[in-house]
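**Q** Attaching a single structure in structure tokens format; questions to follow.
The values are calculated or read from the model by the stated rules, or taken from the named source; none is laboratory data. Just so it is clear, the model here is predicted, and its values are computed rather than measured. As a convention, Cβ positions derive from the backbone with ideal geometry for all residues, glycine included, and neighbour counts pool all protein chains shown.
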Amino acid sequence: MPDVALNPDLEILNSKCRTFITSLIHADVAHDITHIERVVRVAVQLCNAEQANMHVVLPAAWMHDCVAVAKNHPDRARASTMAADKAIEFLKSINYDESLFDDIHHAIAAHSFSANIAIKTVEAQIVQDADRMDALGAIGVSRCMKVGGSINRLLYNPNDPFCIEREADDKKYTLDHFFIKLLHIAKSMNTPSAKAEAQRRTQYMHAFLEQLKSEIGQ
């Protein structure tokens, strides 16, 4: 997908959002500043392809993870709504157009799986698609392996690496996360542009698995 040039006003907003996020981020291994930057880049591309409102998508993409809550925390399901609230506080501080606040808040709050919020706008679809896209392709493989290594999880089950005769368990084996989640993400994409890119990235992941299969003698 080709990169998209921003007009001068959006470039200023882009810079302000990046500065704000950089001052906040307490990175885990999969959600550092480079994750945010990739989500923004893909969101901008999707926004252009779907002819959506960049003034909603750009700040929402930058701030979709501006509140970090651990996966096992009781407030996990509220994290995206908390991030949306924080984003609006920031946008008020820079005198951003208040008529866009409801759509920006919704795009951030609804992007999360765990929030279980029905998506109402194409801009919210785009932010969700861009975030999910970062779990696919070469970067998706890399992030998955990085997370697995950080928690000392085994790479694969030596007796059945590809879950042919057993139930996948990604608490024990990193490779199992492919079969539980990653290979199914493309089906959950909202926009036509995201569906096409997600399929391409998923094909890469299948090729990675085939290569791994040959290297471990399966």
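Conditions tested, residue by residue: (1) of a type in the set (A, V, I, L, M); (2) modelled with pLDDT under 95; (3) surrounded by 18 or more Cβ atoms within 10 Å (Cβ to Cβ); (4) in the same structural domain as Pro192 (by the TED database).
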{"site": "Phe113", "(1), (2), (3), (4)": "no, yes, no, no"}
{"site": "Gln125", "(1), (2), (3), (4)": "no, no, yes, no"}
{"site": "Leu154", "(1), (2), (3), (4)": "yes, no, no, yes"}
{"site": "Lys171", "(1), (2), (3), (4)": "no, yes, no, yes"}
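**Q** Among Pro192, Pro158, which is at negative phi, touching an Asp or Glu at 6+ places or on another chain (Cβ under 9 Å), exposed (fewer than 14 other Cβ atoms within 10 Å of the Cβ) and not assigned by the TED database to the domain that holds Ala83?
**A** Answer to the check: Pro192.
**Q** I would also like to ask the following. Is segment 33-51 home to any residue that is in a loop (DSSP other than H, G, I, E, B) and either of a type in the set (A, V, I, L, M) or modelled with pLDDT under 95 (or both)?
**A** no
**Q** Would you please name the residue that is nearest to Ala196 (Cα to Cα), looking only at residues in segment 1-24 that are part of a loop (DSSP other than H, G, I, E, B) and not polar (S, T, N, Q)?
**A** Restricting attention to segment 1-24, the residues satisfying the condition of being part of a loop (DSSP other than H, G, I, E, B) are 1-7.
From the residues that got through so far, the ones that are not polar (S, T, N, Q) too are 1-6.
Working: Met1: 10, Pro2: 14, Asp3: 16, Val4: 18, Ala5: 22, Leu6: 23 Å.
If we take residues in segment 1-24 being part of a loop (DSSP other than H, G, I, E, B) and not polar (S, T, N, Q), then Met1 is nearest to Ala196 (Cα to Cα).
**Q** Please determine whether any residue of segment 174-181 is aromatic (Phe, Trp, Tyr), in contact (Cβ under 8 Å) with a residue 40 or more places away in the chain and assigned by the TED database to the domain that holds Lys195.
**A** no
**Q** Still on this model: Here is a list of conditions, (1) without any contact (Cβ under 8 Å) to a residue 60 or more places away in the chain; (2) surrounded by fewer than 18 Cβ atoms within 10 Å (Cβ to Cβ), and Tyr204 meets all of them except one; can you say which number that is?
**A** Here Tyr204 meets the rest and fails (1).
**Q** Then there's this: Inside segment 54-162, counting only helices (runs of 4 or more DSSP H) that do not spill past its ends, which hold 2 or more residues that are free of Cβ contacts under 8 Å to residues at least 40 places away in the same chain?
**A** 79-93, 101-109, 137-150
**Q** Let me ask you something else. Which condition from (1) in contact with a His (Cβ under 9 Å, 6 or more places away or on another chain); (2) more than 19 Å from Asn53 (Cβ to Cβ) is the one that Asp169 breaks?
**A** (1)
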